[in-house]
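Read the structure below first, then the notes.
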Amino acid sequence: MPSRTNLILTYGLLVFIWATTPLAIVWSVSDLHPMWALVLRFFIALPLAIVVLFILKVGFPVDKVSILSYIAGSLSLIGSQIFTYAATAYLSSGLIALMFGLAPIMAGLIGRFGFQQKLALLQWLGMAVSIIGLGLICLSDNQNHVKPLGIGLMIVSVFAYSLSIFLVKKINANIQAMAQATGSILVSTLIAILVVPWIWQYAPTQMPSAKSLLALFYTVIMASLIAMFCYFKLVQNLKPTTLSLTTVMTPLLAILIGAFLNDEQLSVQVFVGASIVLFGLLLYFLKDLRAYRRM
């Protein structure tokens, strides 16, 4: 098992990447149809992932359990992101990030009713407080960027992401994180191929802008490769609800990044909501922090 420091650094890197990914997605679709941006993302990511696999000399098992794990992992890739990309037409990047803050609640519900897992009362309280904070932030957003269809798409996206964590954990295949990431990208790419005939009429007819291309490659290298390596590494070593709390922290960073890079305005209500979210996180981890201090 990786050291505590290793896991903390991996956790922090994952939070940073996921905080910047929503804005990168929005920028990447500025000159591309959303589904084409998604499809191209996996078409580019797969060969890169295979090259990394060979360079690191990581084995790629293809037994039944491993294949099931790859399929389960693809739920957090194309299974989730196909709805996220569709939602870019209805929601701002900040609100997309905020919607992913619902993942801990979704993961808690899936764990409670689907896998008979229990959470401590303090953890439920912390999650509830964090959601209240997220609600305040959502209410402060420009209502022109809040469309019911977009909200619905993101709820499905968050459900697929959260379910993927539990399924990969339950299958518990003996696979290295990079192999798991590559296998899940492979499954996602195969699904993306099936999507192409339905979006062929929207194929790009000219070269996208440099900004759109850079954002696309950022989603490929950082979000599809490095983030997935970090993600599956943490899936193997952390509780699902703890891992899903990365998506409570990412909206806070996403708002700040949007303010600096995309000229998004921050209201007082946003800062109040962010403070409440942080307090909720403190409550959620309070039990673990106390246990750590007694060690």
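Within the straight-line cut-off of under 25 Å between alpha carbons, the lysines reachable from K64 are K169, K170, K233, K239, sequence neighbours fewer than 8 places apart in one chain being disregarded. With a cut-off of 18 Å on the backbone N, the residues of the stretch 161-175 near the modelled label site 7 Å out from L68 along Cα-Cβ are 163-175. Label-to-label distance for T5 and M207 is 4.6 nm, based on points extended 7 Å past Cα in the beta-carbon direction. Quick check on the chain: take the gyration tensor over C-alpha atoms, sort the square-rooted eigenvalues as a ≥ b ≥ c, and tell me if it's rounded (a/c under 1.5), prolate or oblate. Because a/c hits 1.5 or more and a/b fails to exceed b/c, the chain counts as oblate. FRET efficiency for the L13 to F260 pair, using the beta carbon distance and R₀ = 25 Å, is estimated at 0.80. Distance from the alpha carbon centroid of the stretch 38-76 to that of the stretch 209-232 works out to 15 angstrom. Hydrophobic, long helices, defined as DSSP H runs whose alpha-carbon span along the helix axis is 20 Å or greater and whose mean Kyte-Doolittle value is at least 0.5, occur in the chain at 4-28, 34-55, 121-140, 148-171, 177-199, 246-261, 268-294.
Which residue, K211, K57, K239, has the most motion in a Gaussian network model of the chain that connects Cα atoms within less than 10 Å? In this elastic network of the chain, the residue with the biggest mean-square fluctuation among K211, K57, K239 is K57. Here each label is just a point 7 Å from Cα along the line to Cβ, and for L56 and S30 those points are 3.2 nm apart.
The mean of 1/r over all pairs of different alpha-carbon atoms in the stretch 77-232, once inverted, gives a Kirkwood hydrodynamic radius of 17.7 Å. Classify the stretch 100-191 as rounded, prolate or oblate from the Cα gyration tensor: take a ≥ b ≥ c as the square roots of its eigenvalues, call it rounded if a/c is under 1.5, otherwise prolate when a/b beats b/c and oblate if not. Verdict is oblate for the stretch 100-191.
Considering only L134, L214, L281, the Gaussian network model of the chain with Cα springs below 10 Å gives its largest mean-square fluctuation to L214. Using a 10 angstrom cutoff on alpha carbons, build the Gaussian network for the chain and name the most mobile of G273, G12, G108. Its mean-square fluctuation being the largest, the pick is G12.
None of the figures in this text is laboratory data; all of them are computed from the coordinates on show. What you are looking at is a predicted structure, and each value in this text was computed from that prediction instead of being measured. FYI the Cβ positions are ideal-geometry reconstructions off the backbone, even for glycines, and counts take in every protein chain you see.
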